[in-house]
Amino acid sequence: MTDVRLAELARCLPELRLLVAPGDLEHYGRDWTRRWTPAPLAIALPSTIEEVQAIVRWANEKSVAIVPSGGRTGLSGGAVAAKGELVLSLERMNRVLDFNAVDRTLSVQAGITLQAVHEVARGYELAYPVDFAARGSCSIGGNIATNAGGIRVIRYGNTREWVAGLKVVAGNGELLDLNRGLIKNSSGYDFRQLMIGSEGTLGIVVEATLKLTDPPLPSQVMLLALPDMEALMQVFELFRARLSLQAFEFFTDKALAHVVEHGAQRAIDGDYPYYVVTEFDAVDEQAQQGALVAFEQALEQGWVCDGVIAQSEAQSAALWRLREGITESLAPWRPYKNDVSVRVSAVPAFLQDMQALLAREYPQIEVVWFGHIGDGNLHINVLRPDEQSEEGFIAQCEHVTRLLSDTLRRHGGSISAEHGIGLVKRAYLEGTRSAAEILLMRGVRQVFDPNRILNPGKLFADI
Ligand code: 2HG
Ligand code: ZN
């Protein structure tokens, strides 16, 4: 270990696991964006809160930046370490600490995966309802840092709704025990909520107390084929009025082509431009009948062209794969991603403007969109043509994102619905947040992390 700063860290914390092998630096220095070349100083894998605190104090003394790291499944560069930072991975802090049956809460260390939380909750005949495709690798700490959303927000809301308490190591090494699982706590500023979505720039989440709820009711999954974009919101309104929706997700024919190419089973014959996967409570025959009636009404109106209802768990999983497998099927292209949102009522007008913008600005480029339309959240994945250079492609996408940011501003939307700002979107923050807000955000950051050692350069340029 040649770096003197690292040698000192190793001396203060002889038990701390530190990695410096090139393969480890590469593995832990990047997230799913794959745009930046990883170049961290080293990787620290603490196993206790005390170790995390000591690392943060050392970083303050030595002016070393820290990149907090969970499952690194992020899509905005929030966990990228490309400038000699110390990656502080919570990977070893992945235990369940406590289940409280009366409070219906589960306390966990930050490095536990979302899937493990689901499984533990299920074991207690309860549910942790935040869910999305990266569940097997993403960590709860990372979910909290980005206020992750996913496929059940329409029913259950974002991560923010499910955090009853947080333990956080602030930028000065102080341990904060925030809200302690209380349901009611009207005692001033709620720092727990401030930490959620702060992308590791205010503190390092080390433990979380999560709220659990009743398991979802028996449900059914339906796939619908739609003739046009207008029909999407009409079907959504009809289904929301008639059924108790757990999810309402959409994707285009282009997304379907990729996911099928990647091994998923096509469930509807014929070519249609838009598809919806929806899941709804179906407790009894009457509820199932209600779904068929809604479907038939949509058919009569010309809002849907075709549809299938899953008849088994395996068929439900196969329909979900058509939606959940999209990101993985596109990964080889390393797409440029936008993750935008508007209020649900603004979706039709926004979509019109957005469609026109993308058609005008990306005439020769494949653009794949899909997302959580019932939450007003759309994912746009832009695929680089083989003949275009990486730099030229990114420059073009950044130009379009600037225009998209203006469009979003006009529609009162957000440049990041659920993936976070990270490095990818920090140049567009002012399209979504006012100058006064950004100034206050910087001020808050200064209070929690006076030496700016926590994830500098993420969320906003660190000046
Ligand atoms: C999803 O909804 C994820 O599947 C990923 O948020 C979105 O890859 C994307 O753009
Ligand atoms: Zn999403």
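The values are calculated or read from the model by the stated rules, or taken from the named source; none is laboratory data. Please read all numbers here as calculations on a predicted model, not as lab measurements. Every residue, glycine as well, gets a Cβ built from its backbone with ideal geometry; the counts of neighbours run over all protein chains shown. Just so you know, the surface numbers come from the protein's heavy atoms only, side chains and all, with ligands and any DNA or RNA stripped out. Shrake-Rupley method; radii C 1.70, N 1.55, O 1.52, S 1.80 Å.
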Discussion item. Against the conditions (1) aliphatic (A, V, I, L, M); (2) in contact (Cβ under 8 Å) with a residue 24 or more places away in the chain; (3) within 19 Å of Asp281 (Cβ to Cβ), where does Leu232 fall short? Just the number, please.
Written reply: (3)
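Here is a check on your reading of the model: is Trp58 of a type outside the set (Asp, Glu), within 28 Å of the chain's Cα centre (by Cα) and under 26 Å from Leu423 (Cα atoms)? It would help to see each step written out before you state the result.
Values: of a type outside the set (Asp, Glu): yes; within 28 Å of the chain's Cα centre (by Cα): no; under 26 Å from Leu423 (Cα atoms): yes.
No, not satisfied.
Kindly evaluate Leu175 against the criterion of being among the hydrophobic types (A, V, I, L, M, F, W, C), in contact with a strand residue (DSSP E or B) (Cβ under 7 Å, 6 or more places away or on another chain) and buried (at least 24 other Cβ atoms within 10 Å of the Cβ). Explain how you work it out, then say what you get.
Working: among the hydrophobic types (A, V, I, L, M, F, W, C): yes; in contact with a strand residue (DSSP E or B) (Cβ under 7 Å, 6 or more places away or on another chain): yes; buried (at least 24 other Cβ atoms within 10 Å of the Cβ): no.
So Leu175 fails the test.
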Worksheet item: Which ones in segment 283-339 are within 16 Å of ligand 2 (Cβ to nearest atom), in a loop (DSSP other than H, G, I, E, B) and of a type in the set (Gly, Ala, Ser)?
Response: Gly325
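Output the residues belonging to segment 241-257 that are more than 22 Å from Ala317 (Cα to Cα) and in contact (Cβ under 8 Å) with a residue 24 or more places away in the chain.
Filtering segment 241-257 down to residues more than 22 Å from Ala317 (Cα to Cα) leaves 241-242.
Of everything in segment 241-257, just one residue is more than 22 Å from Ala317 (Cα to Cα) and in contact (Cβ under 8 Å) with a residue 24 or more places away in the chain, namely Arg242.
I'm trying to understand the selection: among the residues of segment 403-426, which are farther than 23 Å from Asp31 by Cβ, in a helix (DSSP H, G or I) and open to solvent by 40 Å² or more (accessible area, probe 1.4 Å)?
Residues of segment 403-426 that are farther than 23 Å from Asp31 by Cβ, as a first pass: 403, 406-413.
From what is left, the residues that are in a helix (DSSP H, G or I) are 403, 406-411.
Selection gives Leu403, Asp406, Arg409, Arg410, His411.
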Worksheet item: What are the residues in segment 29-48 that are open to solvent by 20 Å² or more (accessible area, probe 1.4 Å) and on the phi < 0 side of the Ramachandran plot, if any?
Response: Arg30, Trp32, Thr33, Arg35, Trp36, Thr37, Pro38, Ala39, Leu41, Ser47, Thr48
Fill in: Among the residues listed as Gly142, Gly136, Gly165, the single one being under 30 Å from Glu61 (Cα atoms), under 21 Å from the mean Cα position of the chain (by Cα) and open to solvent by 20 Å² or more (accessible area, probe 1.4 Å)
Gly142
Discussion item. Among the listed residues Glu398, Glu366, Glu361, identify the single one that is on the phi < 0 side of the Ramachandran plot, within 16 Å of ligand 1 (Cβ to nearest atom) and open to solvent by 20 Å² or more (accessible area, probe 1.4 Å).
Written reply: Glu366
Worksheet item: Which of the residues belonging to segment 299-320 are crowded, with 21+ Cβ neighbours inside 10 Å and within 11 Å of Ala267 (Cα to Cα)?
Response: Gly307, Leu319
Worksheet, complete the sentence: Subset of segment 427-460, residues part of a loop (DSSP other than H, G, I, E, B) and open to solvent by 40 Å² or more (accessible area, probe 1.4 Å), comes to Arg433, Ser434, Pro450, Asn451, Arg452
Discussion item. Can you report the number of residues in segment 370-395 which are in a loop (DSSP other than H, G, I, E, B) and within 15 Å of ligand 2 (Cβ to nearest atom)?
Written reply: 1
Worksheet item: Any residue at all in segment 124-133 that is more than 14 Å from Leu212 (Cβ to Cβ), part of a helix (DSSP H, G or I) and within 16 Å of ligand 2 (Cβ to nearest atom)?
Response: yes
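Here is a check on your reading of the model: is Glu361 of a type in the set (Asp, Glu), over 24 Å from Ala247 (Cα atoms), in contact with a Pro (Cβ under 8 Å, 6 or more places away or on another chain) and in contact (Cβ under 8 Å) with a residue 40 or more places away in the chain?
Working: of a type in the set (Asp, Glu): yes; over 24 Å from Ala247 (Cα atoms): yes; in contact with a Pro (Cβ under 8 Å, 6 or more places away or on another chain): no; in contact (Cβ under 8 Å) with a residue 40 or more places away in the chain: yes.
Spelling it out, it is not the case that Glu361 is of a type in the set (Asp, Glu), over 24 Å from Ala247 (Cα atoms), in contact with a Pro (Cβ under 8 Å, 6 or more places away or on another chain) and in contact (Cβ under 8 Å) with a residue 40 or more places away in the chain.
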Item to complete: Identify all residues within segment 58-101 that are surrounded by fewer than 17 Cβ atoms within 10 Å (Cβ to Cβ), out of contact with any Lys or Arg (no Cβ under 8 Å at 6 or more places or on another chain) and under 14 Å from Ser47 (Cα atoms); write none if there are none.
Response: Arg95, Val96, Leu97
Practice prompt. Considering only residues that are away from ligand 2 (no atom under 16 Å from the Cβ), within 19 Å of Val368 (Cβ to Cβ) and of a type in the set (Val, Ile, Thr), look in segment 231-275 and name the one that is most open to solvent (accessible area, probe 1.4 Å).
Written response: Val260
Discussion item. Exactly one condition in (1) aromatic (Phe, Trp, Tyr); (2) within 16 Å of ligand 1 (Cβ to nearest atom); (3) crowded, with 18+ Cβ neighbours inside 10 Å is false for Phe350; which is it?
Written reply: (2)
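Would you point out which residue out of Val367, Val424, Val447 is modelled with pLDDT of 95 or more, within 16 Å of ligand 2 (Cβ to nearest atom) and aliphatic (A, V, I, L, M)? Explain how you work it out, then say what you get.
On the way: Val367 fails: within 16 Å of ligand 2 (Cβ to nearest atom); Val447 fails: within 16 Å of ligand 2 (Cβ to nearest atom).
It is Val424.
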